[in-house]
Protein chains: 2
Amino acid sequence: MPEMTLTTLNWVPDLPRGYVRDLRVRWALEEAGLPYRVASVPFTPSVPSRELDAGQLALQPYAQVPWLTDGGQTIFESGAILLYLGERSTALMPTERRARQDVITWVFAALNSVEAISLPWSIYQFAGDTEQTPGRKHLDAILKARVHYTEQVLAGREWLAGAFSIADILMADVLRLVHRFDGLADAPACRGYVEAATGRPAFAQAYSDQMAHFAKAD
Amino acid sequence: MPEMTLTTLNWVPDLPRGYVRDLRVRWALEEAGLPYRVASVPFTPSVPSRELDAGQLALQPYAQVPWLTDGGQTIFESGAILLYLGERSTALMPTERRARQDVITWVFAALNSVEAISLPWSIYQFAGDTEQTPGRKHLDAILKARVHYTEQVLAGREWLAGAFSIADILMADVLRLVHRFDGLADAPACRGYVEAATGRPAFAQAYSDQMAHFAKAD
């Protein structure tokens, strides 16, 4: 059986190291014990948009990483890749219909109710932009609300949907970046959850593998 | 067989009418010809966060709409609901393994490569906030890049993943809001795609049903 290939960048600056999204895929693959190899494409700033070669855009139309190749099929978007892997290992997603649906629901909640707000917020944090314009006030208020609601959920359960799953890989990785910019100050359950998730051996392996991968090209 | 129940708000102000996300679910249900009924919960501003009753938060932990109830199961997040419906109708998602995976990949791309940027951008547009702070410049540049890449894809195909699918419902609905704020000025293929998607009878039905639903409570 040919191994799956995870493609990421060959190098990134220090700031995003440990946060590039191939980490989510590495983490899932490690949790599931699925063999894989890593391939690289050259680092190019994605903003402003650059014309990448057509071959790469055919594999990842938004000029991002990661993507996963399995046999002849290529899957991009970390959420789609994790769902794909979830179908291949009960360590990532249960097969029972309702339990599986709960995991899928929380996959979307992590990405679309939390990250869709925390990602732009972190863009402002990365830029060191603290100016409280009307739109920014609204963005900050929504993030605060989303963290508040996530806190209420996590105060009452260890993992989002029964056992540890791909939903937790995504939610923990999303909250980890919020925490980096001190956005979990009022959310002890979220902080505990991030600590528990990132304390798993599969995360540690994925993280050190990503750091080593980028360091190779320094 | 009990019908599915779609829950939305009983009323919203004029500005978001036609854009509340129950539209995506109505649209999918209409495309598939699946019977459903609509239920309502009272309108409450979601920011700043309010304590909703625990029963409602158990169904939608982020105090948002919509959610879908089917038998004893409740699914929230429009992306998760559409994927759930996609498994029930080939009018929404093919069953062949690779074609199905392409649809799922584009579902995530619509929500996470486009909407995760266009949503915060639209928050600024709704707030009338045009101040070009460093973070805002970065946000605008990323949106521009994401529209650019989407334009390259849509210039070469009618629908995202072969036949019309849930991925198109999501991408078209996401781009529709960008277009409302004139964000597709340089993207003729995106504009044509939105026009083709929203020209479908199922969209027209879903849209007029949502407008009528909110008008009832005026």
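The values are calculated or read from the model by the stated rules, or taken from the named source; none is laboratory data. Treat the numbers as computed from the prediction; the structure is a model and nothing was measured. We place every Cβ from the backbone using ideal geometry, glycine too, and count neighbours over all the protein chains shown. These accessible areas exclude ligands, DNA and RNA; they are computed on the full protein's heavy atoms, side chains included. Shrake-Rupley method; radii C 1.70, N 1.55, O 1.52, S 1.80 Å.
In the range B:112-127, the residue that is farthest from B:LEU15 (Cα to Cα) out of those that are over 16 Å from the mean Cα position of the chain (by Cα) and facing chain A (nearest Cβ under 7 Å) is B:TYR124. The set of residues from the range B:64-104 being facing another protein chain (nearest Cβ under 7 Å) and over 16 Å from the mean Cα position of the chain (by Cα) comprises B:GLN73, B:ARG98, B:GLN101.
Only one entry in A:ALA39, A:ALA80, A:ALA32 is farther than 26 Å from B:LEU154 by Cα, free of Cβ contacts under 8 Å to residues at least 40 places away in the same chain and open to solvent by less than 40 Å² (accessible area, probe 1.4 Å), namely A:ALA39.
Yes or no: the range A:124-136 includes at least one residue that is open to solvent by less than 40 Å² (accessible area, probe 1.4 Å) and aliphatic (A, V, I, L, M). Within the range A:124-136 (the criterion being open to solvent by less than 40 Å² (accessible area, probe 1.4 Å) and aliphatic (A, V, I, L, M)), the answer is no, since none of the residues qualifies. Can you pull out every residue in the range A:137-161 that is open to solvent by 60 Å² or more (accessible area, probe 1.4 Å) and more than 9 Å from chain B (Cβ to nearest Cβ)? Scanning the range A:137-161 gives A:ALA155, A:GLY156, A:ARG157, A:GLU158.
The sole residue among B:ASP209, B:ASP173, B:ASP186 that is in the same structural domain as B:LEU85 (by TED's automatic domain parsing) and either closer than 24 Å to B:GLY86 by Cβ or open to solvent by 60 Å² or more (accessible area, probe 1.4 Å) (or both) is B:ASP209.
In the range B:158-174, what count of residues is obtained for those that are over 19 Å from B:ARG26 (Cα atoms), touching a residue at least 40 places away in the same chain (Cβ under 8 Å) and not hydrophobic (A, V, I, L, M, F, W, C)?
First, the residues of the range B:158-174 that are over 19 Å from B:ARG26 (Cα atoms): B:158-163.
Then keep just the ones that are touching a residue at least 40 places away in the same chain (Cβ under 8 Å); that gives B:160-163.
Now drop any that are not not hydrophobic (A, V, I, L, M, F, W, C), which leaves B:162.
Residues flagged as over 19 Å from B:ARG26 (Cα atoms), touching a residue at least 40 places away in the same chain (Cβ under 8 Å) and not hydrophobic (A, V, I, L, M, F, W, C) within the range B:158-174 amount to 1.
When the range A:105-123 is filtered for residues that are of a type in the set (A, V, I, L, M, F, W, C) and open to solvent by 10 Å² or more (accessible area, probe 1.4 Å), the ones remaining, listed by number, are A:TRP106, A:LEU119, A:TRP121, A:ILE123.
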